[in-house]
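Right, one structure below, let's go through it.
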Amino acid sequence: MRPALRAARGFTLIEMLTALLVLSLLSLMSYRGLAAVLDARDHVRQETEKWQHVAAFFARFKRDVELVSPRPVRAADGSAPAWVGGRAASSQGQLEFSRFASNESTDTARRIGYGLNGKQEIELRLWPGLDLAPDAQPARYPVLAGVTTFELQFLGPALAWLDAWPVSPADPPLPRAVRVRIVLASGEEIVRIFALQS
């Protein structure tokens, strides 16, 4: 008697379809997971860049404020105070002041300003020197983009915060401190206070 040979058996159509369905579900879940990881990575990169720009702006502002000079400047229409800010600031911006040269000798003593331009950027304005020639225009450099609000307050001799400096001709050349408040287009509000050397 001849032993019955078992017929070689393969996968049935239902088993193949079930395996394909399971593999496609696994691939779809993997794709969605990878897409979520890539989206999260892009979001983290954008947030990191945003906060690096904010930190660089405040570092630059701090450095400039640390080099503030109490020296008034000569201008075409007479003289301008060493520090002019807030509502008292000229049409050039919200803050304008005289600054000494840095110890690294990479720049010179000059008049500088900070203000918010129409493109929602805080703009740094640099004049070539301290005393301003008639019709002298500053070089303008955007230092922080995506800003909806840029407000300054100044600590006066009576230790009260003022919206403008100088308030009267009897005020000292420099306030005791400056408070900077910015609101980013993404909604975050940042407030920093910088003491001035007197």
Inset, instruction - Please state which of the following conditions Leu144 fails to meet, knowing it meets all the rest: (1) buried (at least 20 other Cβ atoms within 10 Å of the Cβ); (2) out of contact with any His (no Cβ under 8 Å at 6 or more places or on another chain); (3) closer than 24 Å to Glu49 by Cα. - result: (2)
Legend entry - Neighbours by Cβ (under 8 Å, 6+ apart or cross-chain): first from the range 48-64, in contact (Cβ under 8 Å) with a residue 24 or more places away in the chain; second surrounded by fewer than 16 Cβ atoms within 10 Å (Cβ to Cβ) and among the hydroxyl-bearing types (Ser, Thr, Tyr): Lys50/Ser186; Arg63/Ser102
Inset, instruction - Considering only residues that are assigned to a loop (DSSP other than H, G, I, E, B) and touching a strand residue (DSSP E or B) at 6+ places or on another chain (Cβ under 9 Å), look in the range 146-166 and name the one that is farthest from Ala80 (Cα to Cα). - result: Gly146
Legend entry - Extreme residue, farthest from Ile190 (Cα to Cα), among residues of the range 13-52 that are of a type in the set (A, V, I, L, M, F, W, C) and surrounded by 11 or more Cβ atoms within 10 Å (Cβ to Cβ): Met16
Inset, instruction - Name the one entry in Ala136, Ala177 that is closer than 14 Å to Gly85 by Cα, out of contact with any helix residue (DSSP H, G or I) (no Cβ under 7 Å at 6 or more places or on another chain), surrounded by 13 or more Cβ atoms within 10 Å (Cβ to Cβ) and aliphatic (A, V, I, L, M). - result: Ala177
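Just so you know, all these numbers are worked out from the coordinates, no wet-lab data involved. What you see is a predicted model, and the numbers here were worked out from it, not measured in a lab. As a convention, Cβ positions derive from the backbone with ideal geometry for all residues, glycine included, and neighbour counts pool all protein chains shown.
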